[in-house]
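Student: Please see the structure below; I have some questions.
Derivation of every value follows stated rules applied to the coordinates shown; laboratory data play no part. Since we're looking at a predicted model, the values are computed, not measured. So basically every Cβ, Gly included, is an ideal-geometry build from the backbone, and we count neighbours across all protein chains shown.
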């Protein structure tokens with residue numbers, strides 16, 4: 001099963017842009033969509049909250065792996081960690097399912113719904129795939145937080161309006177033990193590897209790898225796949 005899933009992801013990652021067609025969802029597809037929503041239309045409009053729940057507010061064309069790869073208009077809600085799609089003029093939440101993959105045509109961006117370890121706790125949600133190697137891969141969690149309204153502490157301060165705040169991306173690495181958050185400290189990062197610690201440490205030193213830099217993380221993940 002894992003082998004089949006890996007093959008699917010690999011093909012999806014490499015050729016998804018070429019696979020997009022202009023066909024519209026059929027009646028059967030619409031029926032599947034109705035069965036996939038949570039039973040209620042989304043209505044989260046609140047003029048008292050500043051900012052956005054989305055890194056991209058627009059609905060963009062994407063393919064859904066568990067819906068026969070049909071094209072839908074989708075956007076990612078980073079606050080609620082949900083995919084939203086348009087159907088018959090209304091907006092619904094896409095039901096979360098294990099191994100669900102959503103590939104956006106624009107930028108070939110791939111979201112995967114999976115289990116991962118975040119702040120030493122088991123979580124389940126959407127991560128963005130950044131690499132597609134054989135044994136070890138890099139993923140990123142896009143985070144937008146809700147900051148509630150706060151009264152001014154004294155007459156010289158202003159009250160803080162409720163707003164959505166874009167936080168720093170959190171990076172994850174897929175290992176034999178699962179998908180885990182990448183530590184900020186090199187010593188903790190090296191502890192993730194029972195073997196080849198010396199080789200990885202030398203690579204980090206030689207290339208002055210910054211564990212907060214996405215390009216550097218891609219380079220170390222690429223190297224790990226060669227040893």
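Student: Looking at the square roots a ≥ b ≥ c of the eigenvalues of the Cα gyration tensor of segment 85-227, which shape do they give, rounded for a/c under 1.5, prolate if a/b is larger than b/c, or oblate?
Tutor: It comes out oblate by the Cα gyration axes.
Student: Considering only C-alpha atoms, what is the centroid distance from segment 82-136 to segment 200-227, in Å?
Tutor: That distance is 25 Å.
Student: Under a point spin-label approximation (7 Å from Cα along Cα-to-Cβ), what is the residue 150-residue 60 distance to one decimal in nm?
Tutor: Going from the residue 150 label point to the residue 60 one covers 3.2 nm.
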